[in-house]
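Here the structure is laid out as C-alpha cells; the discussion comes afterwards.
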C-alpha cells in the first residue's frame with residue numbers, strides 16, 4: 001500500500017490552505033499552518049503570482065492530497081467520472097467521498113482520513129457483514145459500515161462515541177454512536193460535499 005511518509009503539515013503550507021490531515025491537531029494552536037502559513041522551503045516566504053495552469057495544477061494536487069490518492073489512481077477516477085452520465089467534476093468528488101476510508105472518517109470513527117485508512121487496512125470494519133481491508137472500496141447507498149464486534153473494545157474505539165457526537169455528520173450518512181455503526185443513505189449531492197473545492201479546475205487541467 002503506497003502512502004505519503006513525509007511531514008504532512010508541509011502539504012497544507014504548500015497548497016496555501018488547511019487540509020485537516022492531522023485530525024485534532026489541525027483544530028488546535030499547534031497547527032503548523034496557523035503558526036507558519038508560508039510555503040515550505042528556503043524561498044517560501046512570499047507567494048508568486050500563479051497562472052491559469054498553475055491554478056489548475058494546485059487544485060488537482062489539493063484534492064488528491066486531501067483524499068490521499070496517488071496520481072495514477074486519481075487519473076483513473078477522473079476517467080471513470082468523465083465516462084459516467086452527469087457533471088464530470090461532481091462525479092469525481094462523489095467517487096472520492098464514497099471511498100470507504102472517507103466514509104469512515106465522515107462518520108466520525110477516525111480523527112483523520114489517514115487514521116481511517118489505517119483502521120480499514122487493519123480489518124477493524126465490515127461492510128454489509130463482510131470484513132473489508134481495502135480503503136478505496138466504493139460504498140453504495142444502502143451499505144452498512146460498522147466496527148466488527150470483536151474490535152469494539154479495542155483502544156481506537158474507546159473514545160469513538162464522543163468523537164462521533166462532536167462531529168457534524170453529513171446528511172447523506174446515518175450513524176449510531178452507541179453501536180459504532182452507520183449507513184450510507186444516498187449518494188452525496190454537490191451541496192453536501194466540500195464547498196471549498198473547485199472541481200472545475202481539475203476538469204480543465206485534464207482537458208488541456
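Rule-based calculations on the coordinates, nothing more; no lab input. This is a predicted model, so every value here is computed, not measured. Positions of Cβ are backbone-derived with ideal geometry, glycine not excepted, and every protein chain shown enters the neighbour counts.
Taking square-rooted eigenvalues a ≥ b ≥ c of the alpha carbon gyration tensor, is region 99-184 rounded, prolate or oblate, where a/c under 1.5 means rounded and, failing that, a/b exceeding b/c means prolate? Taking the square roots of the gyration eigenvalues as a ≥ b ≥ c, region 99-184 is rounded.
Subtract the Cα-Cα distance of residue 165 and residue 190 from 0.36 nm times their separation in residues, and report this length gain in nm to one decimal.
Working: separation 25, 0.36 × 25 = 9.00 nm, distance 2.42 nm.
Taking 0.36 nm per residue and subtracting the Cα distance, the gain is 6.6 nm.
With the simple model of a label 7 Å out from the Cα in the direction of the Cβ, residue 155 to residue 128 spans 3.4 nm. Per residue, the average separation of C-alpha pairs within less than 8 Å and at least 6 apart gives region 106-208 a relative contact order of 28 percent.
Would you work out if region 59-119 is rounded, prolate or oblate? Take a ≥ b ≥ c from the square roots of the eigenvalues of the alpha-carbon gyration tensor; rounded if a/c is under 1.5, else prolate when a/b is larger than b/c, oblate otherwise. Prolate. By the equivalent-ellipsoid construction on the alpha carbon gyration tensor, region 58-208 comes out with semi-axes of 28, 15, 14 Å, ordered largest to smallest. Taken along its three principal axes, the alpha carbon spread of region 138-208 comes to 51, 23, 20 Å, from the longest extent down to the shortest.
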